[in-house]
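The values are calculated or read from the model by the stated rules, or taken from the named source; none is laboratory data. Worth saying up front: this structure is predicted, and the values here are computed from it rather than measured. Backbone-built Cβ (ideal geometry, glycine too); neighbour counts: all protein chains shown. Remember, those area values only see protein heavy atoms, side chains included, never the ligands or the DNA or RNA. Shrake-Rupley method; radii C 1.70, N 1.55, O 1.52, S 1.80 Å.
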Amino acid sequence: MPKVTVDGLELEVPQGATVLQACELAGKEIPRFCYHERLSIAGNCRMCLVEVKPGPPKPQASCALPAAEGQDIRTDSEMVRRAREGVMEFLLINHPLDCPICDQGGECDLQDQSVAYGRGASRYHEPKRAVTEKYMGPLIKTVMTRCIQCTRCVRFSEEIAGVDEIGALYRGENMQITTYLEKASSHEMSANVIDLCPVGALTSRPYAFEARPWELKKTLSIDVSDACGANIRLDSRGREVLRILPRVNDDVNEEWISDKARYQVDGLTRRRLDKPWLRRDGKLVAATWEEAFAAVAKINPGKSVAVVAGDMVDCETMFAAKALAGALGSDLLEGRQTGLDYDCSNLAAVNFNSGLAGIEEADAILIVGSQVRWEAPLVQSRLRKAAKRGAKLFVVGPEWETTVPTTFLGLDLAVIDKLQAEAEAALKGAARPALILGGAGLGKGALDACLALATKYKLVRDGWNGFNVLHMAAARMGGLMLGYAQKGGIADLVKAKPKMLISLGADEVDYTKFAGSMIVYVGHHGDKGAHAADVILPAAAFSEKPGTYVNTEGRVQWADKAVFAPGDAREDWTILRAMADALGVSVGFDSFDALRSAMAKAVPALGREGLADYGALPKGKAGAKGKIEAYPIKDFYLTNPIARASVTMQRCSAELLHGETFAEAAE
């Protein structure tokens with residue numbers, strides 16, 4: 001490890017570190033625009049200049065200069081100060097300086113660094129250049145005259161997303177950043193360039209002119225649009241969440257989130273259930289809470305009760321419903337709405353065991369029945385890292401754009417038992433082989449065959465477990481830990497013909513099969529489940545209650561409450577507690593803390609944040625049959641009731657997936 005001196009402080013730095021990283025290890029702040037920890041080094045903004053001896057008597061770009069033994073680095077010399085002032089002056093030559101009307105105001109790196117490192121005045125009075133606006137789709141608003149050509153957006157699209165949609169045209173003063181033929185940027189993580197942009201060139205189109213950052217209350221939460229459990233921040237004003245931003249968590253989402261996670265936010269205020277409803281003479285009519293609970297009590301279901309949990313429900317809600325059903329004498333619980341019935345006796349067999357970050361280290365990956373880009377965009381970015389390190393990818397299922405070199409093995413699941421020569425050689429020769437089983441594979445009963453393959457190719461080794469199941473629902477792993485899994489899936493609930501079916505925001509169920517049951521829908525949106533319900537009890541969305549969520553790798557995470565639910569809607573657990581009173585039973589808790597304590601006592605893993613331990617991987621039997629002819633997700637942007645209520649998500653679906661065109665008003 002080379003030793004360097006930074007402003008008189010001697011320290012050792014890792015081999016291969018840059019001078020900028022050495023300065024940061026010494027606690028020195030180095031300004032930068034083009035450099036980003038998760039992107040390749042460009043070295044084109046020159047803001048990170050430092051003085052290095054021995055070396056030429058001029059400032060050098062610290063982001064692109066390797067740290068070497070004996071270097072004496074100065075970050076605060078007169079040469080460095082004057083150089084940074086000069087760079088900032090050049091950057092501002094053509095910048096429009098429209099901070100008062102710029103959406104980046106208050107969160108702008110250029111604004112902050114011009115104050116900290118700039119001269120305070122400019123010597124240039126020539127006319128500024130202007131750049132025509134580029135259309136990047138319904139999510140990204142562009143004001144390209146502000147662009148300083150840091151190329152962060154270009155590198156993100158190429159390296160992280162794997163889609164060459166953004167690039168540079170021309171040279172010198174005429175250089176412009178644009179999308180290919182000025183078409184919309186259409187990959188699933190496109191809006192992360194908004195966070196990366198250090199100026200106001202790329203901002204959020206739906207959020208434009210909504211609020212300033214100092215007006216917003218910031219709440220830590222968990223994304224429920226898929227099963228990855230991305231760490232997010234909810235920015236709210238009053239009783240409305242105005243935007244969702246990613247939080248840094250290297251183990252889960254690094255610092256990225258999908259476009260759906262970010263922009264379904266406007267769906268939180270549309271199509272909301274804000275009062276109870278009862279079905280009378282075939283029509284839903286508004287009611288009071290007292291009337292709704294009276295209707296529930298009138299059924300008097302006894303033991304004939306079943307509970308089906310939706311894809312976005314927190315663990316506390318599921319535990320409260322389980323306690324209610326248990327008090328009534330029923331254990332009919334199910335969370336797999338669409339009919340999946342895989343074996344859940346050992347949760348290690350249905351967990352993403354390598355971890356989201358760990359899959360990057362795999363050197364041969366077999367994907368069975370999963371279109372990862374739509375089911376888990378954050379996992380797709382991890383697969384790209386693995387491919388860059390030399391991993392070989394193989395897919396069983398219909399072809400899709402993987403953004404990395406991939407070998408498709410066909411649709412027939414029989415290939416799992418007898419892999420093609422190339423795939424077999426790759427898995428046998430891999431130091432860390434991995435398998436990812438998706439929803440389409442689970443639906444075709446491929447779990448047993450994949451477990452057998454795990455044994456055959458030794459996917460579990462010292463310090464490595466490469467057997468992974470990729471779920472799509474934020475509530476799935478938490479529900480399985482709480483017992484929301486019948487041996488025969490939801491078909492068992494249909495056979496039981498319950499007098500009362502409690503639906504916890506379950507909008508993907510075929511309710512025609514429960515024609516003889518009274519359907520009590522506890523949810524937050526007037527979606528498919530509410531249309532089928534006999535009693536609607538308005539509940540809180542994920543942003544309106546604290547909750548525990550378990551992601552597809554078994555990581556337990558806690559979310560906080562950002563705003564209050566609208567109208568007469570209440571937090572889910574309070575509704576279920578009141579239902580217990582109406583039905584004359586006791587559930588054993590009267591407060592949220594008591595509920596959470598009871599849940600932690602029943603399932604200790606849910607009482608602490610971090611990865612749950614599910615034990616050893618069971619063995620399976622070979623013999624996969626059937627063909628994977630389609631994947632479960634038909635429309636990436638409209639997979640849940642919040643997204644379906646979102647105007648932004650509807651437009652993304654119409655424009656980016658279905659080719660509709662929208663006229664743009666002149667600005």
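Which residues in the stretch 306-330 place their backbone N less than 20 Å from a point set 7 Å from the Cα of Trp400 along the Cα-to-Cβ direction? Correct set: 311-312. One chain, two ends: His125 and Leu657. Fully extended at 0.36 nm per residue, the span grows by 186.9 nm beyond their Cα-Cα distance. Please work out whether the stretch 364-436 counts as rounded, prolate or oblate from its C-alpha gyration tensor, where a ≥ b ≥ c are the square roots of the eigenvalues and a/c under 1.5 means rounded, while otherwise a/b larger than b/c means prolate and anything else oblate? Oblate shape, in that a/c is at least 1.5 and b/c is the bigger or equal ratio.
Can you classify the stretch 554-621 as rounded, prolate or oblate using the Cα gyration tensor, where a ≥ b ≥ c are the square roots of its eigenvalues, rounded means a/c under 1.5, and otherwise it's prolate if a/b beats b/c and oblate if not?
Verdict is prolate for the stretch 554-621.
Most simply put, the chain has about 55% antiparallel DSSP beta bridges, counting only bridges with both residues inside it. Think of a 1.4 Å ball rolled over the protein heavy atoms: the stretch 219-297 then has 38 Å² of accessible area per residue. Share of carbon and sulfur in the accessible area of the chain stands at 51%, probe radius 1.4 Å. A compact globular protein would have a Cα radius of gyration near 2.2 N^0.38 Å; the ratio found for the stretch 1-129 is 1.14.
On a 0 to 90 degree scale, rounded to 10, what angle separates helix 78-91 from the longest Cα axis of the chain? Between the helix axis and the principal axis of the chain, the angle is about 70 degrees.
Could you tell me which of rounded, prolate or oblate describes the stretch 142-281, using a ≥ b ≥ c as the square roots of the eigenvalues of the alpha-carbon gyration tensor, with rounded for a/c under 1.5 and, failing that, prolate when a/b is larger than b/c and oblate otherwise?
Working: a/c = 2.07, a/b = 1.94, b/c = 1.07.
Because a/c hits 1.5 or more and a/b exceeds b/c, the stretch 142-281 counts as prolate.
Annotation: the stretch 221-362 has a Kirkwood hydrodynamic radius of 19.0 angstrom, from the mean reciprocal C-alpha pair distance.
Helix 592-602 and the long axis of the chain differ in direction by around 80°, with both axes built from C-alpha atoms. Among the listed pairs Lys303/Lys601; Lys134/Lys183; Lys275/Lys528; Lys444/Lys634, those whose Cα-Cα separation exceeds 20 Å are Lys303/Lys601. Residue by residue, the stretch 420-429 carries 3J(HN,Hα) couplings of 5, 4, 5, 5, 5, 5, 5, 5, 5, x Hz when phi is fed to the Karplus relation 6.51 cos²θ - 1.76 cosθ + 1.60 (θ = phi - 60°); x denotes Gly or Pro. Less than 5 angstrom separates the built amide H of Ile222 from those of Ile232, Asp560, all sequence-distant by 5 or more or on a different chain. Here the spin labels are modelled as points 7 Å beyond Cα on the Cα-Cβ line, and at Glu182 and Ala578 they lie 5.5 nm apart. 3J(HN,Hα) along the stretch 168-175: 10, 10, 6, 9, x, 5, 8, 4 Hz, from the Karplus curve 6.51 cos²θ - 1.76 cosθ + 1.60 with θ = phi - 60°, whole Hz, x for Gly and Pro.
A Stokes-Einstein calculation at 37 °C with viscosity 0.692 mPa s, built on the Kirkwood radius of the stretch 281-405 over Cα pairs, returns a diffusion coefficient of 174 µm²/s.
Contact order for the chain, expressed relative to its length and based on alpha carbon pairs under 8 Å spaced 6+ residues apart, stands at 15 percent. Per residue, the accessible area of the stretch 305-375 comes to 22 Å², computed with a 1.4 Å probe over protein heavy atoms only. Rounded to the nearest 10 degrees, the inclination of helix 572-583 to the longest alpha-carbon principal axis of the chain is 10 degrees. Suppose R0 equals 60 Å. What FRET efficiency, 1/(1 + (r/R0)^6) with r the Cβ-Cβ distance, do Met175 and Ser597 give to the nearest 0.05? E(calc), rounded to 0.05, equals 0.50.
With kT/(6 pi eta Rh) evaluated at 20 °C and eta = 1.002 mPa s, and Rh the Kirkwood radius from Cα pairs, the stretch 69-138 diffuses with a coefficient of 146 µm²/s according to Stokes-Einstein.
Here the Karplus relation 6.51 cos²θ - 1.76 cosθ + 1.60, evaluated at θ = phi - 60°, turns the backbone of the stretch 555-560 into coupling constants of 8, 7, 9, 10, 10, 9 Hz, with x for every Gly and Pro.
Can you compute the FRET efficiency between Lys619 and Phe408 using 1/(1 + (r/R0)^6), with r the Cβ-Cβ distance and R0 = 35 Å? Round to the nearest 0.05.
0.80
Distance between the modelled labels on Arg212 and Ala425, one decimal in nanometres: 6.4 nm (7 Å Cα→Cβ projection). Placing a label point 7 Å from the Cα of Asp417 along the Cα-to-Cβ direction, the residues of the stretch 371-405 whose backbone N falls under 19 Å from that point are 396-397.
What's the long-distance tail for the chain, i.e. % of Cα pairs beyond 41 Å? Roughly 35 percent, once rounded to a whole number. Report the Stokes-Einstein translational diffusion coefficient (µm² s⁻¹, integer) for the stretch 157-221, Rh taken as the Kirkwood radius over Cα pairs, at 20 °C with viscosity 1.002 mPa s. Here the translational diffusion coefficient equals 152 µm²/s. May I ask for the distance between the Cα centers of the stretch 178-238 and the stretch 338-374, given as a whole number of Å? Cα centres, the stretch 178-238 to the stretch 338-374: 28 Å.
Near the amide H of Gly339, within less than 5 Å, lie the amide hydrogens of Ile490, all on another chain or at least 5 residues away, with H placed in the peptide plane.
Output the relative contact order of the stretch 263-349, whole-number percent, from Cα pairs under 8 angstrom with separation of 6+ residues. Let's see the in-between values first.
On the way: 60 pairs, mean separation 18.5, N = 87.
Dividing the mean separation by the residue count of the stretch 263-349 yields 21 percent.
Proximity of backbone amide H atoms, modeled 1.01 Å from N, is registered between Thr407 and Leu393, Phe394, Val395 at under 5 Å, excluding neighbours fewer than 5 places apart on the same chain. Between Tyr117 and Glu29, residue separation times 0.36 nm minus the direct Cα-Cα distance comes to 30.5 nm.
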